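Written out below as structure tokens is the structure these notes cover.
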Amino acid sequence: ALVRDAKAWADDLSESIRTVARMEAQIERRLDDYSERPRRGYIGPSTKRVAYAMYYNQWKEKVERVGTVNYPEEARGKIYGDLSLAVTLNPDGTIHKDQVTITRSSGYPVLDKAAVRIVRLAAPYGQFSDDMRKEFDVFEISTRFSFTRGDSFEANAQRN
């Protein structure tokens, strides 16, 4: 009986060691994944740093120009609304991993889809300044868009 108890104890100990090794491997993979993530900065209408504010304003102007020209035909003169959107950009101004996300819907799928399409059409955007690149690998821009009665597309300050 004593030998059987010792064997069971050894088997339990071996299983515990394997379990700990699996958990350590999972933690190691998660740490590796985390360390490979880009350093992410955030830019919005209330950005105060000059380089970031200038970048946001240039981005906003380009999106508004492209958006007004590409206002959804099926919505012209009929559907208007506001929505919030976030887009993640690479240092070269391209969209990072195609990340364009509606964070608050307008309530009209045609407007939401058009906003995402417009942001993608307007890309690539300007390159990050050297200072921006030193600090972060990607930037997420969050803003509120309006499809207005004048059939224009406007980016507005978003209050969180």
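Structural remarks
- The aspartates and glutamates within cross-link reach of K7, meaning a Cα-to-Cα straight distance under 13 Å and a gap of 8 or more places when in the same chain, are E15.
- Between R39 and R4, the FRET efficiency from the beta-carbon distance, with R0 = 45 Å, is close to 0.20.
- Computed from the Kirkwood radius of its Cα pairs, the Stokes-Einstein diffusion coefficient for region 54-107 at 25 °C and 0.890 mPa s stands at 190 µm²/s.
- Relative to the longest principal axis of the Cα atoms of the chain, the long axis of helix 50-69 makes an angle of roughly 60 degrees.
- Cα-based reach from K134 at 20 Å (exclusive), listing aspartates and glutamates while leaving out same-chain residues under 8 positions away: E36, D92
- Highest-MSF residue in the chain out of L111, L13, L83 [GNM, Cα springs under 10 Å]: L13
- Probing with 1.4 Å while keeping every protein chain in the model, the per residue accessible area of region 86-138 equals 51 Å².
- Carbon-plus-sulfur accessible fraction, the chain (probe radius 1.4 Å, protein heavy atoms only): 53%.
- What you get for region 76-148, charging only the Cβ of Lys and Arg (+1) and of Asp and Glu (-1), is a dipole of about 520 debye around the Cα centre.
- Extension gain for T94-K113 works out to 4.9 nm (0.36 nm per residue, less the C-alpha to C-alpha distance).
- The chain - mean residue ellipticity at 222 nm from DSSP helices (-39,500 (n - 2.57) per run, n ≥ 4, rounded to 500): -16000 deg cm²/dmol
- Pairs of alpha carbons in the chain separated by more than 20 Å make up 59% of all such pairs.
- Residue with peak Gaussian network fluctuation, the chain [Cα springs, cutoff 10 Å], from A114, A75, A21: A21
- Dipole magnitude for the chain: about 500 debye, using +1 per Lys or Arg Cβ and -1 per Asp or Glu Cβ, origin at the Cα centre.
- Between helix 2-36 and the chain: long-axis angle, C-alpha atoms, 0 to 90°, nearest 10: 20 degrees
- Extreme residue, positive dipole direction of the chain, given options A21, V69, I118 (C-beta unit charges): V69
The values are calculated or read from the model by the stated rules, or taken from the named source; none is laboratory data. These numbers come from a predicted model, not from an experiment. For neighbour counting, all protein chains shown are included, and Cβ atoms are generated from backbone atoms with ideal geometry for every residue, glycine included. Quick note on the areas: whole protein, heavy atoms, side chains included, nothing else; ligands and nucleic acids left out. Shrake-Rupley method; radii C 1.70, N 1.55, O 1.52, S 1.80 Å.
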